[in-house]
1. Look at Gly8 and say whether it is in contact (Cβ under 8 Å) with a residue 12 or more places away in the chain and small (Gly, Ala, Ser).
2. Taking the stated definitions as given, is Arg25 out of contact with any helix residue (DSSP H, G or I) (no Cβ under 7 Å at 6 or more places or on another chain), surrounded by 10 or more Cβ atoms within 10 Å (Cβ to Cβ) and among the basic types (Lys, Arg)?
3. Out of the residues in region 28-71 that are among the small types (Gly, Ala, Ser) and within 30 Å of Gln17 (Cβ to Cβ), which is modelled with the highest pLDDT?
4. Looking at region 28-49 only, could you name the residues that are of a type in the set (Asp, Glu) and either loosely packed, with under 10 Cβ neighbours inside 10 Å or not in a helix (DSSP H, G or I) (or both)?
5. If I ask for residues that are under 11 Å from the mean Cα position of the chain (by Cα) and basic (Lys, Arg), which ones from region 15-71 would you list?
6. Of the conditions (1) in a helix (DSSP H, G or I); (2) surrounded by 10 or more Cβ atoms within 10 Å (Cβ to Cβ), Tyr52 fails just one. Which one is it?
Amino acid sequence: MYSQGTKGLSRIKTRIQELIAWADREICMEPDEFAFRRGWTVARTGFGARRYRDPRFDQLKVPSRIVEEVS
């Protein structure tokens, strides 16, 4: 006999995952839009958590060491 239990649980799990993804997008919508307008990269790190990075930081160079003369 075929059981509908597994199929029903799968649907519930899928629906819960969709709701979690929707809530995550809603929570972070404004900061994400702010970052995208400025050309920053956005990495999702968890529920309601993001890592924002300005790619211009990759273009910064470390200044060379200044050799001090001893008199």
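The values are calculated or read from the model by the stated rules, or taken from the named source; none is laboratory data. Keep in mind it's a predicted model, so treat the numbers as computed, not measured. Here the Cβ is made from the backbone with ideal geometry for all residues, glycine too, and neighbour counts use every protein chain on show.
1. On the way: in contact (Cβ under 8 Å) with a residue 12 or more places away in the chain: no; small (Gly, Ala, Ser): yes.
Here the answer is no, as Gly8 does not meet what is asked.
2. yes
3. Residues of region 28-71 that are among the small types (Gly, Ala, Ser), as a first pass: 35, 39, 43, 46, 48-49, 64, 71.
Restricting the remaining residues to those that are within 30 Å of Gln17 (Cβ to Cβ) gives 35, 43, 46, 48-49.
Details: Ala35: 94, Ala43: 91, Gly46: 86, Gly48: 82, Ala49: 90.
The extreme case among them is Ala35.
4. Keep residues of region 28-49 that are of a type in the set (Asp, Glu), which gives 30, 32-33.
Matches in region 28-49: Glu30 only.
5. Arg25, Arg44, Arg50, Arg51, Arg53, listed by residue number.
6. (1)
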